[in-house]
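Report on one structure; see the data block that follows.
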Amino acid sequence: MVRRLLAARAGVLTERVAALAGASVVVATALVRDGRVLAAQRSRPPELAGQWELPGGRVEAGESEPDAVARECREELGTDVRAIGRLGTDLPIAPGLLRVHRAEPAPGAAEPRALEHSALRWVGADELADLDWVAADRAVLADLTELLTGR
Ligand code: 9L3
Ligand code: MG
C-alpha cells in the first residue's frame with residue numbers, strides 16, 4: 001500500500017519534471033483481449049519500420065493520458081478502447097518518456113485495423129519473445145507477461 005502510494009507519487013513527479021523540461025510524454029497501449037495483447041508493426045520512420053510496438057503516440061497539450069490512449073487507438077487502429085491503469089514504470093525514449101497504459105476494448109468496439117501500421121497481431125504470453133520489439137517496448141515485456149498470465 002505504502003509502496004503503491006510512493007510509486008504513484010513518483011509517477012506524478014516524473015510527469016511534472018518532464019512537462020517542465022519540455023519533454024514529451026508518449027503513451028503506449030497494452031490492449032488486452034482474451035488473454036492476448038495487441039502488437040503493431042511500425043511502418044515508419046525507416047529505422048523503426050518492421051519492429052513491433054504497443055500502439056500509441058504523443059500526448060497533446062491539455063490532454064489526459066487516458067484520453068490520449070483512446071485518441072491514438074481511434075487514429076491508428078480505428079477502434080474504441082478504455083484505458084484502465086498504468087503498466088510498468090516510465091521508460092526513457094528519445095523525445096521524453098514512454099508510459100504504458102493497460103486498456104480494454106470499449107463495448108461493441110470495432111475489430112482493430114492497421115490504419116498506420118504494417119500489420120497487427122494478437123500475441124499471447126508465450127509468443128511475446130518471438131517478436132522484434134522496438135527497444136523501448138522491450139523493457140515492458142516482463143510486466144506484459146505478468147499481465148497476460150495473471151502471475
Ligand atoms: N514510441 C516507442 N514505443 C511505442 C510508441 C507508441 C512510440 N510503443 C516512440 C517512437 C517515436 C515516438 O515514441 O519515436 C513517438 O511515437 P509515434 O507518434 O511515432 O507513434
Ligand atoms: Mg503512433
First in region 129-151 and over 18 Å from R33 (Cβ atoms), second anywhere and more than 16 Å from ligand 2 (Cβ to nearest atom) and among the hydrophobic types (A, V, I, L, M, F, W, C), Cβ under 6 Å, 6 or more apart: L141/L128
Go through region 96-107 and count every residue that is within 18 Å of W133 (Cβ to Cβ) and either surrounded by fewer than 21 Cβ atoms within 10 Å (Cβ to Cβ) or basic (K, R) (or both). 3
Just to verify a result, which residue in region 46-72, among those that are in contact (Cβ under 8 Å) with a residue 60 or more places away in the chain and within 12 Å of ligand 2 (Cβ to nearest atom), is surrounded by the fewest Cβ atoms within 10 Å (Cβ to Cβ)? L48
Residues that are over 15 Å from V37 (Cα atoms), assigned to a strand (DSSP E or B), away from ligand 2 (no atom under 13 Å from the Cβ) and in contact with an Asp or Glu (Cβ under 8 Å, 6 or more places away or on another chain), drawn from region 92-121: L97, R99
Condition check: among the aromatic types (F, W, Y), modelled with pLDDT of 95 or more and crowded, with 17+ Cβ neighbours inside 10 Å. Does W122 satisfy that? no
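Select from region 53-91 the residues that are assigned to a strand (DSSP E or B) and either over 15 Å from the mean Cα position of the chain (by Cα) or near ligand 1 (Cβ under 10 Å from one of its atoms) (or both) and list them in ascending order. Let's see the steps before the verdict.
The first filter runs over region 53-91 and keeps only residues assigned to a strand (DSSP E or B), leaving 53, 56-58, 81-91.
If the condition is that a residue be assigned to a strand (DSSP E or B) and either over 15 Å from the mean Cα position of the chain (by Cα) or near ligand 1 (Cβ under 10 Å from one of its atoms) (or both), then E53, G56, G57, R58, L91 are the ones that fit.
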When you go through (1) under 24 Å from L147 (Cα atoms); (2) out of contact with any Pro (no Cβ under 6 Å at 6 or more places or on another chain); (3) not aliphatic (A, V, I, L, M) one by one for E76, which number turns out not to apply? (2)
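The values are calculated or read from the model by the stated rules, or taken from the named source; none is laboratory data. In this text, all values refer to a predicted model and were calculated from it rather than measured experimentally. As a convention, Cβ positions derive from the backbone with ideal geometry for all residues, glycine included, and neighbour counts pool all protein chains shown.
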